[in-house]
1. In nm, give the distance between the simple-model label positions of A40 and I23, each being 7 Å from the Cα along the Cα-to-Cβ direction.
2. Would you calculate the separation in nanometres between label points at D177 and K98, each defined as 7 Å from the Cα along the Cα-to-beta-carbon direction?
3. Cα gyration tensor of the stretch 299-351, axes a ≥ b ≥ c as square roots of the eigenvalues: rounded (a/c below 1.5), prolate (a/b > b/c) or oblate?
4. At M320 and N353, where each label point lies 7 Å from the Cα along Cα→Cβ, what is the point-to-point distance in nanometres?
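Only the coordinates and a few stated rules stand behind these numbers; no lab work does. Bear in mind that the values here come from a model prediction, so they are computed numbers and not experimental data. Note that each Cβ is placed from the backbone with ideal geometry, even for glycine, and that neighbours are counted across all protein chains shown.
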Amino acid sequence: MLRSSALPVTPSVVVDPDGPTPIVEPDPFPTVDLDELPEAQYDPDNHPIPHQPWRRGDTDGCHDPLTAFWRLEAESIISDAVAVVGAKVEDVTWYMAKCVVSINEQSLADVVSYNEGPEVRVAYPDKEDVAGHIFDDPDEGTDHELFTEEDEILEFEQYDEETEYEILKANMPEEIDEATGEPLPPREPRSREERVIEMEEEWTNRWLDEPREEKPADGMFSHPVDTKALSVVSQAIITALEDEHVEEKLQILSRHDVVLTSPLDNPCILDSQKEFDAARDLDVYVETRDPWGSNRVLGGKLVDRNAMDVIINQDNSGRMVTIPNSMIHQVLLPSGLAKGNARMKADLDAEDNEEEEDEWDIEEEDVEEEDYDVD
């Protein structure tokens, strides 16, 4: 009988010194009590404005009427703060989350830049947007362009860095030692990075040293904007509204963006609250714009304009139509055309009178010269 001399093979065993791996139990699926979720408590009668059931959500009190105490007190604080620095407030127009302060542009000349305010950036609407204030870049031309000496040597052409270096090395201008009068060795050309840094520093210094004026291209909106003066005005407004007691009582800055502008002064376009108030019961056209592209023009008599909406009596039919301010592009006043035409005619007549006076002065000078020659 044959027997195997090999020992029986036993399976290997791996032992974890920390013990066996625990069994992972799945987390229990959380249960939600709908009664404890405020978002789940839909109340069809819970809307901030009683007669607008379609407007849901929390307006944080911004739907209050324009005569609310906190708005009137804020307008008074803003007007006083602006007057302290020498400017004048023309009007304050309220929106849902925006407070637009119209500043008299002539009064900006009286503002002294004695402190540094926040940076002012002018908003640029679309060029075809005749309702907004259209601004272009400041006077374009060589006086305002930034370039370095190396750029002139390269005649503003672009090359690879090696070719660029060789061209600059061979054409760097000769400099004379003021003490000895001897020519100095040619300067080493600067790299592109060094030239960019120089232009950035020059632009920064130009921004700090000179008031920046944004000049609109369209004559309808022809007025310069001194951003340094605006910065001082905005700093005064923010400082006044940031006061601990003022913010606690009125909550202007926590609920609104403060926007500075100048009166549009276009009789055909309603731009400020005073203009809307003066145009009540007059025919207007409301042009809407919305993200869905369903833009239209609605006509009727202006009934009201508040921080949330413009209300018109559409086509004078007695049907009241409420258009949210957030969807309004511009509100046109047809009756303003006559006023605009009269203003344009007066301006043209004034120009003609000035030209006639200039011509008369020239003729008088000619006559005096002739009389002098005769004598």
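1. 3.2 nm
2. Here the modelled spin labels are 6.5 nm apart.
3. Verdict is prolate for the stretch 299-351.
4. The two pseudo-label positions are separated by 4.7 nm.
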